[in-house]
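The values are calculated or read from the model by the stated rules, or taken from the named source; none is laboratory data. Keep in mind it's a predicted model, so treat the numbers as computed, not measured. FYI the Cβ positions are ideal-geometry reconstructions off the backbone, even for glycines, and counts take in every protein chain you see. All accessible areas refer to the heavy atoms of the entire protein, side chains included, with ligands and DNA or RNA removed. Shrake-Rupley method; radii C 1.70, N 1.55, O 1.52, S 1.80 Å.
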Amino acid sequence: MTQFQSECYEALKKVPPGKVITYSGIASMIGRPKAHRAVGSAMNKNPFAPKVPCHRVVKSNGDLGGFATDIKVKIKRLQKEGVMISNNKIVDFQSTLFKS
């Protein structure tokens, strides 16, 4: 695992259940605000899921984005935490968004 990946996973641990964060939000948390694509790559390789909850990382427009296994798993995990989803998008995105 790279130092960058480790930093991403540590930052993501701060996002509580029922909240989501954007890829760029994680990038900003680790001091690399332009590295949102690299954050996506790190999330795709997350060996600690679901302990490190990569299902809580979404696109900046509220779309769910990708998921390494199956998007249905991401949806189930988010819904279990109380996040409402419609058409693969977070409902009431701004109130669900984690602000670091």
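Quick notes on this structure:
- Matching residues in the stretch 67-86 - criterion: being under 13 Å from the mean Cα position of the chain (by Cα) and more than 22 Å from P47 (Cα to Cα): V83
- Every test in (1) in contact with a helix residue (DSSP H, G or I) (Cβ under 8 Å, 6 or more places away or on another chain); (2) closer than 16 Å to K89 by Cα is passed by P50 save one, and that test is (2).
- Selection status of G82, open to solvent by 20 Å² or more (accessible area, probe 1.4 Å), of a type outside the set (A, V, I, L, M, F, W, C), modelled with pLDDT of 95 or more and on the phi > 0 side of the Ramachandran plot: yes
- Candidate set from the stretch 1-48 (those that are more than 18 Å from L78 (Cα to Cα) and among the hydroxyl-bearing types (S, T, Y)); member that is surrounded by the fewest Cβ atoms within 10 Å (Cβ to Cβ): T2
- Those helices (runs of 4 or more DSSP H) lying entirely in the stretch 1-91 with at least 2 residues touching a residue at least 40 places away in the same chain (Cβ under 8 Å): 3-12, 23-29
- Test: residue in the stretch 53-71 that is open to solvent by 80 Å² or more (accessible area, probe 1.4 Å) and either among the acidic types (D, E) or closer than 18 Å to E7 by Cα (or both): no
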